[in-house]
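Q: The structure follows.
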Amino acid sequence: MTRSSLSSSFTVTVNGEPQLLDLDNRTTLLDALREHLDLTGAKKGCDHGQCGACTVLLDGRRVNSCLVLAVAAQGRSVTTIEGLGTADRLHPVQQAFIDHDGLQCGYCTPGQICSAVSALDEVDRGWPSAATADVGAEKITLDDSEIRERMSGNLCRCGAYVNILAAINAVAQ
Amino acid sequence: MREFGYQQVSDVETAVATLATSADARYLGGGTNLVDLMKLGVETPELLIDVTNLPLTDITETADGGVLIGAAVRNSDLAANPVIRQRYPAVAQAVLAGASGQLRNLATTGGNLMQRTRCSYFTDVSKPCNKRVPGSGCPARDGEHHNLAILGASEHCIATSPSDLAVALVALDAVVHVREGDSARAVPLTEFRRLPGDRPDLETTVEPGALITGVSLPGLPIAAASRYRKVRERASYAFAIASIAAAVEVSGGLVADCRIAWGAVAAVPWRATRAEAMLRGKPVAIESFAAAADAELLAAEPLEHNAYKVALIRNVTVELLAELTGVSR
Ligand SMILES: Cc1cc2nc3c(=O)[nH]c(=O)nc-3n(C[C@H](O)[C@H](O)[C@H](O)COP(=O)(O)OP(=O)(O)OC[C@H]3O[C@@H](n4cnc5c(N)ncnc54)[C@H](O)[C@@H]3O)c2cc1C
Ligand code: SF4
Ligand code: FES
Ligand code: FES
């Protein structure tokens, strides 16, 4: 068998638009977004899955884009912070972060917001978390400890956690 | 990072056959461990075979009242599955105790069982490490080993297996289904991972290149009351320093049956068979739980910086068994 090629051509739908990419297989989804599609909202914090700054939605589910190879996202749909809302029609979670001052430097914020949008969706689908007393229960009661646990994959170096919690609580009401 | 080819496959036969065409190919699940290790230079495959599109994405109920979990089932889907949550709650709890929501959306069942140790010398290519470079030495023994093994280690390697999921699975008699070449084989999880001995680079008992196709759990009434408890250095998003999955069946004040497994104490998810044997038939009481834990820990060989784990795992075991049986401490 011939050796597979070291780069690939493929299509990924990003924020609703199909994008044809021709990339070295080593390119992560995060680098594809930032370096090749000029979508610099998703941030590179650690590049090792340890901080959540790179969080985007892949087929509607939050993932660390720094650990996803772009080539492995072929045929799939990606939503970044740029695709969640527009300047005059913010996503409710974006608006809540502003209303509750859920940020300081803002570096972790795109990841926090994408993560929160997906976390709230997981709650709607009845997914339990490590803070859920009875994993067998069908309905989740979203309290502070549930939100903290569900958002633990997003670190904030500025420590804006208190206001991030308030913002997410406000949307969940 | 070394350049590599990438291939998607849609059936198990092609996956295994494609891997065999290269001396240095790897299966790619969610990539949450493999891509990380490739960035660090620890893994240098020339070909990645993406196995997430294989028809192994379902959780199905089996004839014996158990379940078969496909190897490509994502960790988050496993933890959200109603059958798993009701009949094997420790499995759902173990998954949810690991990593983060984002990582669990990517990580697969097969990849989770195959994830490598978090030993800091293993992940640092500037350091010697018998697991990464056989024969180069083990700096952990005299160095940083506060989260390494107290059971089943060897002079060659004291690494721990970091998987939370594997601990719950091994407690509940899980069987790993693998494809080796043309043949399919079922291996109890208790026998799937290897202790290091003098070959810490060999981590499983299956052939190199074997593809995990799924993991089955038998119909097991005791599992419905199983629980997972994890101790870590921060409240969430951290690996265990000790963990336990357990289930107890009580009859007439005596332990009729039990399942106990420990995590973060050995290179394998540690089924505590000595503790189980000690506990069966004993009165439901703190003394019995402590004696059971002590029986298992007779074999412990703690080092200078991980000796705390002996008391920790003992206490966590007593606490969880007490909780499961309603005994107050
Ligand atoms: C920051 C961080 C925190 C984490 N915290 C935890 C934690 O607290 N608890 C925990 O348990 N885990 C934790 N993890 C680890 C995570 O659970 C694993 O990385 C994940 O489960 C691996 O699954 P994957 O599908 O992404 O595997 P991959 O990274 O794709 O693959 C891992 C290995 O498995 C092999 N493989 C994949 N699929 C198969 C198959 N079907 N058959 C044979 N081999 C296969 C690959 O070749 C590779 O060697 C953490 C990871 C990160 C990055
Ligand atoms: S404990 Fe094992 S993995 Fe860690 S340095 Fe020693 S040989 Fe390597
Ligand atoms: S940059 Fe991806 S998790 Fe930190
Ligand atoms: S606002 Fe600065 S890192 Fe979170």
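Q: Can you give the longest run of chain B that contains no GluC sites (Glu not before Pro) sitting in a DSSP loop with at most 14 other Cβ atoms inside 10 Å?
A: B:4-143
Q: Cross-link candidates for A:K43: which aspartates and glutamates have Cα within less than 16 Å, leaving aside residues fewer than 8 places away along the same chain?
A: Result set, ordered by chain and number: A:D31, A:E35, A:E82.
Q: Grab the beta carbon distance between B:T21 and B:A186, set R0 = 25 Å, and tell me the FRET efficiency rounded to 0.05.
A: So the FRET efficiency works out to roughly 0.45.
Q: Which trypsin sites (Lys or Arg not before Pro) in segment B:1-84 pass both tests, a DSSP loop state and at most 14 other beta-carbon atoms within 10 Å?
A: For trypsin sites (Lys or Arg not before Pro) across segment B:1-84 that sit outside H, G, I, E and B with at most 14 neighbouring Cβ atoms in 10 Å, the list reads B:R2.
Q: What total accessible area, in Å², is buried where chains B and A meet, using a 1.4 Å probe and rounding to the nearest 100?
A: By this definition, chains B and A bury close to 3500 Å².
Q: Another question, if that's okay. Could you check how much of the accessible area of chain B is carbon and sulfur, as a whole percent, using a 1.4 Å probe?
A: Within chain B, the accessible surface is 52 percent carbon and sulfur.
Q: Accessible area per residue of segment A:3-83 at 1.4 Å probe, in Å²?
A: Per residue, segment A:3-83 has an accessible area of 38 Å².
Q: Could you give the length gained by full extension between A:A133 and A:H48, i.e. 0.36 nm per residue of separation minus their alpha carbon distance, to one decimal place?
A: 27.6 nm
Q: Taking loop as defined by DSSP and a crowding limit of 16 other beta carbons within 10 Å, which trypsin sites (Lys or Arg not before Pro) in segment B:255-312 fit?
A: B:R280
Q: Ignoring ligands, DNA and RNA, what percent of the 1.4 Å accessible area of segment A:13-152 is carbon and sulfur?
A: Here carbon and sulfur together make up 46 percent of the probe-accessible area.
Q: Now for a separate question. For a quick check, take a GNM of chain B with Cα springs below 10 Å and name the residue from B:I150, B:I286, B:I260 with the largest mean-square fluctuation.
A: Of the options given, B:I286 has the highest mean-square fluctuation.
Q: Label points 7 Å out from Cα along the Cβ direction at A:D59 and B:T60: separation in nm?
A: Inter-label distance under the simple model: 1.9 nm.
Q: Under the classification rounded if a/c is under 1.5, otherwise prolate if a/b is larger than b/c and oblate if not, where does chain B fall, given a ≥ b ≥ c as square roots of the Cα gyration tensor eigenvalues?
A: oblate
Q: Hey, another quick one. For a quick check: with amide H placed at 1.01 Å from N, whose amide H comes under 5 Å from A:H48's, ignoring anything fewer than 5 positions away on the same chain?
A: Long-range HN contacts for A:H48: none found.
Q: Which of the helices in chain A meet the span-like rule: DSSP H, Cα axial reach of 15 Å or more, Kyte-Doolittle mean at least 0.5?
A: Helix filter hits for chain A: A:161-172.
Q: With the cut-off at 1.5 for a/c, could you classify segment B:1-94 from its C-alpha gyration tensor as rounded, prolate or oblate?
A: The shape class here is oblate.
Q: In segment A:15-124, which GluC sites (Glu not before Pro) fall in coil by DSSP and have 15 or fewer other Cβ atoms within 10 Å?
A: Nothing satisfies the criteria.
Q: Defining a contact as two alpha carbons under 8 Å apart and six or more residues distant in sequence, what relative contact order in percent does chain B show?
A: 17
Q: Using only the Cα atoms of segment A:3-83, build the gyration tensor, take square roots of its eigenvalues as a ≥ b ≥ c, and label the shape rounded, prolate or oblate: rounded if a/c is under 1.5, else prolate if a/b is larger than b/c, else oblate.
A: oblate
Q: List the lysines whose Cα sits under 27 Å from the Cα of B:K282, skipping any in the same chain fewer than 8 residues away.
A: Partners found: B:K230, B:K309.
Q: When the accessible area of each residue in segment A:30-63 is compared between its chain alone and the complete protein assembly (1.4 Å probe; ligands, DNA and RNA ignored), which residues differ by at least 40 Å², being lower in the assembly?
A: A:H48, A:R61, A:R62
Q: Residue by residue through segment B:276-285, what is 3J(HN,Hα) from phi via Karplus (6.51 cos²θ - 1.76 cosθ + 1.60, θ = phi - 60°)? Round to whole Hz and write x for glycine and proline.
A: Calculated HN-Hα couplings, in order: 4, 4, 5, 7, 4, x, 8, x, 6, 7 Hz.
Q: Along the Cα→Cβ direction, 7 angstrom out, place labels at A:S5 and A:V162. What is the inter-label distance in nm?
A: That separation, rounded to one decimal, is 5.5 nm.
The values are calculated or read from the model by the stated rules, or taken from the named source; none is laboratory data. Predicted model only: the values in this text are computed from it and were never measured. Don't worry about glycine lacking a Cβ; one is built from the backbone with ideal geometry, like all the others, and counts go over all protein chains shown. Accessible surface is based on the protein model in full, side chains and every heavy atom, while ligands, DNA and RNA are left aside. Shrake-Rupley method; radii C 1.70, N 1.55, O 1.52, S 1.80 Å.
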